[in-house]
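To keep things clear, I will list the structure first and then write my remarks on it.
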Amino acid sequence: MEHNIGKQKQLTCTLDPARAAALHVVFGSTDPCPVAGDPLPPFWHQIYFWEPLNEDQLGRDGHTARGQFIPDLGLPRRMWASGALELHAPLLIGTKAQKTSTIEDVRLKEGRSGNLGFCTIRHDIEQAGKLCVTERQILVFREDPSPGSAAPATKFARQDERRKISQSVSPTTLFRYSALTLNGHRIHYDQNYAREVEGYRDLVVHGPLLAQIMMQMATKRGELASFEWRNSAPFFAGEIGDFCEFDGEYQVRGSDGRLIVAATATWR
């Protein structure tokens, strides 16, 4: 596994205003639509730096097959466990940018539900030679669910928020967000696959999409300097959840009170 650490790849992309306008519509924002020359809102770089591949280069889940850039740890299920952003300077819409991705860590461990693999990737995004965004992404890989296996212990969210937004995410929004981010993971649009292969009760809402909604709440307080989040449990299409704001902290709370995502923010 150690031989994967330090492995890099680079992608270059012009931050197309039309793509930003499409995401603006998906979010149903009432703010002015961003145009060329505007700062790209935090985390919207997820809709850029596409790497289209032939279908035979994809795994069973619709993502890039392991063993290419991301190492194959012999575990079939993939999830985005946590993420962190450092926002050094605004990315400008309509301008070319370069993303350098580096594998920082790869490890295996044994969890209560079986073997787990973790891969930490750092993404550095530059424009005109200036570092604008540093993102760390931790992916977790797991075994397929076993019949009769014990469910993970439920963590419960806080109930003392200062502000909350209650909303659900429709299957249509999941599909459109998958399209804009070129995310082929079938748990977000293929209900049979989500249920029968990966053991979820329904379509799963993207972890980055939940983080994005919390970030949009955070930007109402000022210019973000950093944002970190950790996924705790899946959130399902059509489920009504509470997006909660505390003092510098954010949580997504499921309809049964379970903790879905916990996050922290800092501002300039």
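The values are calculated or read from the model by the stated rules, or taken from the named source; none is laboratory data. What you see is a predicted model, and the numbers here were worked out from it, not measured in a lab. Cβ: placed from backbone, ideal geometry, glycine included. Neighbour counts: every protein chain shown.
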Within the stretch 108-162, the residues that are more than 23 Å from the chain's Cα centre (by Cα) and either within 21 Å of Q212 (Cα to Cα) or among the acidic types (D, E) (or both) are E110, D160, E161, R162
Flagged pairs (Cβ under 6 angstrom, 6 or more apart or on separate chains; first in the stretch 34-48, on the phi > 0 side of the Ramachandran plot; second assigned to a helix (DSSP H, G or I)) are F43/Q212; F43/M215
| said: Taking the conditions exactly as written (within 25 Å of S226 (Cα to Cα), assigned to a strand (DSSP E or B) and in contact with a His (Cβ under 7 Å, 6 or more places away or on another chain)), does C119 satisfy them or not? | reply: no
Among the residues of the stretch 154-183, the number that are free of Cβ contacts under 8 Å to residues at least 12 places away in the same chain and of a type in the set (A, V, I, L, M) is 1
In the set G94, G62, the lone residue that is touching a Gly at 6+ places or on another chain (Cβ under 9 Å), at pLDDT 95 or above and not in a strand (DSSP E or B) is G94
request  = State whether the residues of the stretch 182-189 include one that is in contact with a strand residue (DSSP E or B) (Cβ under 9 Å, 6 or more places away or on another chain), surrounded by fewer than 16 Cβ atoms within 10 Å (Cβ to Cβ) and either among the basic types (K, R) or not in a strand (DSSP E or B) (or both).
outcome  = no
